[in-house]
Structures are given as C-alpha cells and as structure tokens.
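Working notes for the structure below.
The values are calculated or read from the model by the stated rules, or taken from the named source; none is laboratory data. Remember, predicted model here, so these are calculated numbers, not experimental data. Methodologically, a virtual Cβ is constructed for each residue, glycine included, from the backbone with ideal geometry; neighbour enumeration extends over all protein chains shown. Accessible surface areas use protein heavy atoms only, side chains included; no ligands, DNA or RNA. Shrake-Rupley method; radii C 1.70, N 1.55, O 1.52, S 1.80 Å.
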Amino acid sequence: MRPSERVSGKRLWQRHMDLACFGARDDGGVDRQALSDAEIKARAQVVAWGRSLGLSPFTDSAANLFLRFEGADPDLAPVLAGSHIDSQPTGGKFDGAYGVLAALESAQAMRDANLVPLRPIEVVAWMNEEGSRFAPGMTGSDLFTGSKELTALVDSRDATGVRLEDAIARVLAADVSVPHRPFKLAVAAYIEPHIEQGPQLERAKRQVGVVTGIQGTRRYRVRVLGEAAHAGTAERHERKDALMAAVRMIAAIDETAMHPADTKLTVGLFDVKPNAPSVVPAEVFFAIDLRHPDNSVVDRIDREIRRIVENKRGPCDVELKQIQHSPSLDFNPAIRSLIADVAAQLGIAHQDIYSSAGHDSRQLHYVCPTGMIFVPCRDGISHNPAEWSEPDDLTAGARVLADTVWHLANQR
C-alpha cells in the first residue's frame, strides 16, 4: 500500500480551517506573525495533532518545531517535510501552513496504513519564515543549518522594540513538555510543499509543480538622516530634507532595475519622521527588496544601488545595510525526478516550475538533498486575505508528498 491511498483531503482541509482560527482576521485572512500569541496557540494545536498520532515533538533554541515519526532504524538521519505557520500581517490561510499540514497528513496516512519507514520522518514548522515581524525572514532555517548564528540575531527587534531573543523565550516557555535539541542535526532529505503564489499552475490546469529552483535576492534597509526645519521659513537650498533625498534614491534605483524587464524591485517599507505636514523631514527609513534568477543581474544592480544611495543623498547622511543575500539556486535533480515520477504514477498533472519567492528550502538546499512541491492558488494571489487554494489541489499535492517522503525514508 502507498501512503497516498490513505491521504484524507477532508481532514487536511479541516485542519487548514482550524489552524486559520489562530490569528483570524475579520476579512477572512490571517495575522499570525512569528513568535506572536497567535502563533504560540497555533503551535500548541500542531503539537496536539502530532501527539494524537503518536508523533514526538521537539524544538530548539530558535523555536523551530519538529514532530518525529520514528523509523525502524532511529539512528538514521531523518527525512524532513514541512514549511512554516507564521504569516504576513494581511496573510491568508494557506501560505506556509499548507506545507506543515500536508506533512502532518502524510505522517497520518502512513500511521493509518500501518506503515513504518526505515528512517525517521519529521514534520517541521520553521520559525519566522516571513520576516514580517523580525527581519530578515527564514530565521529558523538559517539557524538550524548554521548559515547564521543565534548570537548575531538575538538583538533583532520588532516595530515595538521586542527583542527576538525575548520573543523566542516566550514561545519556548509556553511549550508543554517539548524537549530541546541542538542545531545542525544531520538530515537525509527535505521536501517542502507550498502554494505556488503565482498563476502558472492554475493557467496550465496542472495540480502539481515540480520546483526546479529559487531566484536570487538581496534585501536592504536604508536610513536617510537630515534635519527638521520649519516648512515656511527654511530656504530650500539650506535644507537637509531626508524625504527628498530618499525619493531621489528610489526613483533612480527604480530606473536602474527596469533592465532587464523581469527584475523584481520592491520598496514595501517606508517611514518618515517626524511625519508632520509643516516640518521638513528629518529622517526616512525604507526597505529595498531586489530579485532576479540571474545572479549577475542581482550583483550588477547591487553595485548600482550602492552608487545611487551615495550620489543622491545631497546634504543628508545615509546608512545602507544589506540584511540578506541569497543567490539563485537549482534544486537536487534526483529529488526533482522523484517528485515528477510520483506525480506521474498517481496520474496527477504536473510540470516543472521556478520559484520567484523565497522559502526555507533555500537554506536546507545547502545541507541535504532538497525539493519543493507547488500546488495552484487562485489568480496567483498570496500574502493577502483573498489567498485561496482548492481542496482537490491541496489533496493532490499531499498525495505526491506522502509517496515522495515514503520513498526517501526507505533509502539507506
């Protein structure tokens, strides 16, 4: 018997609806940011579901959550599957949560079929994938794989001044009898199911995307420091107007990023002080998110951003900090072939697809064979209360995941 035969789409859907109650918004969306009270409650629910199946929960110093399905040989490195349960402030029900719940459903399907894998299988929910509360994102997977050290991140603060270290401590204190494990544990393979967050699968009428890789990104924070002055008396040529300097920078960076046309440039965070109508702005803080599949394009625009910020600051001072650099990557060919073969065996329409969004799979890619399974989402909308995936598509992806993980967990 294949685990896919015991996957329950009804159960998978109901768990999505139940998890969406934690951080539910009035507009049908979800606000469940990393390490928040809403995520603490959602985490407890995931642990409860896991324990009801006989899965053993574990965590680490980053508050990553693992639910272990023991294998016949517990000394072998586990196969991991999952994603994250934190959301954007105006998020939906499926981004991240689908990966965790599909992995949980895969484990339950194996239990229901009385199947025991050779290797352990662990359902994982990584901490702070979104980066909406603590920047940058993918903190948990960064720390788990050792690409970043906890000591370098603990003093990161959210918009209200809460330190990352203190927020992690609150989450861990709320856990009930969840043992701690160290970082950098050996992993046999990692599979991450996720909604596509784009329109390609829906347009092609295919239920599964075999993700070939993830495009590169650089993320920055820019602080422009000027001087407050009276809007009616300060002469223009004597002002240190932080807002005008920031506008000049952004306009020039936008022009530079027009070529090539598929470059993604976003300034999604912008803060002005004192933000008063009759005061020359004294300080501006903004974010830059730059993405492209070709690393050479990202590197070239990076050089231009640094030049523009310096040349357009005028009489103001400027601080530019790159908070994330993640080159483009291609996923393991054997994992990609396995996912495609499983989908074909199950008669599920599939295609290769490239990820324009970042995921925790990026970090795991450097320490173990890694792959991703995409399922469609309506109109490609994500990070939005209108985010939606059809139950049949979620079920199809979970069936492919279950058989893929089962195959990997039975390889020595």
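Accessible area per residue for region 338-389 in Å², computed with a 1.4 Å probe and the full protein assembly in place, what is it?
Accessible area per residue: 35 Å².
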### Query
If R0 is 51 Å, what FRET efficiency do you get for Arg25 and Ala204 from their C-beta distance, rounded to 0.05?
0.95
#### Entry: Gain upon complete extension [Lys321, Ser278; 0.36 nm per residue less C-alpha separation]
12.5 nm
### Query
In degrees between 0 and 90, to the nearest 10, how far off the longest principal axis of the chain does helix 333-345 point, with axes built from Cα atoms?
60
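Using only alpha carbon pairs under 8 Å that are at least six residues apart, calculate the relative contact order of the chain and give it in whole percent.
24
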### Summary
Whole-Å distance linking the alpha carbon centroid of region 165-201 with that of region 290-315 is 33
### Hypothetical label at Ala77: residues of region 347-381 whose amide nitrogen lies under 19 Å (7 Å Cα-Cβ projection)
360-372
### Message
I want to verify a result. In a Gaussian network model of the chain, Cα cutoff 10 Å, which of these has the top mean-square fluctuation: Asn295, Asn128, Asn114?
### Response
Asn114
### Task
Once you've got the GNM for the chain with C-alpha springs shorter than 10 Å, pick whichever of Gly161, Gly137, Gly82 has the biggest mean-square fluctuation.
Gly161
### Summary
Taking placed amide H atoms and a strict 5 Å upper bound, the residues 5 or more places from Glu122 or on another chain that come that close are Phe69, Val79, Leu80, Ala81
### Message
Just to be sure I follow the rule: in the chain, considering lysines 8 or more places apart or on different chains, how many pairs have Cα atoms under 27 Å apart?
### Response
19
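Compute the Cα gyration tensor for region 295-412, then decide on rounded, prolate or oblate, letting a ≥ b ≥ c be the square roots of its eigenvalues: rounded whenever a/c is under 1.5, prolate when a/b is larger than b/c in the other cases, and oblate in all that remain.
Prolate.
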### Query
For the chain, what % of the accessible area comes from carbon and sulfur atoms, probe 1.4 Å?
50
### Message
Out of the trypsin sites (Lys or Arg not before Pro) in region 204-235, which ones are loop residues according to DSSP with at most 10 other C-beta atoms within 10 Å?
### Response
Lys205
### Message
At 7 Å along Cα-to-Cβ for each site, give me the label-to-label distance between Asp254 and Leu53 in nm.
### Response
4.7
## Note on the structure
Checked region 181-239 against the a/c 1.5 cut and the a/b vs b/c comparison, axes a ≥ b ≥ c from its Cα gyration tensor; verdict oblate
### Task
Calculate for the chain the 222 nm mean residue ellipticity that helices alone would give, adding -39,500 (n - 2.57) per DSSP H run of length 4 or more and normalising by residue count, nearest 500 deg cm²/dmol.
-10000 deg cm²/dmol
### Query
To the nearest 10 degrees, how steeply does helix 37-52 sit against the main Cα axis of the chain, on a 0 to 90 scale?
10
#### Entry: Mean separation of Cα contacts under 8 Å, 6 or more apart, over the residue count of region 5-116: relative contact order %
34
### Query
Any idea what angle helix 9-19 forms with the longest principal axis of the chain, computed on alpha-carbon atoms, 0 to 90 degrees, nearest 10?
40
### Query
Asp60's amide H: which non-local residues (gap 5+, or another chain) put their own amide H closer than 5 Å, with H modeled 1.01 Å from N in plane and none for Pro or chain starts?
Arg181
### Task
Round to the nearest 0.05 the FRET efficiency obtained for Glu390 and Arg307 when R0 = 56 Å and r is the Cβ-Cβ distance.
0.75
### Query
What nm value, rounded to one decimal, do you get for the distance between Arg300 and Ala152 when each label is placed 7 Å out toward the C-beta?
2.9
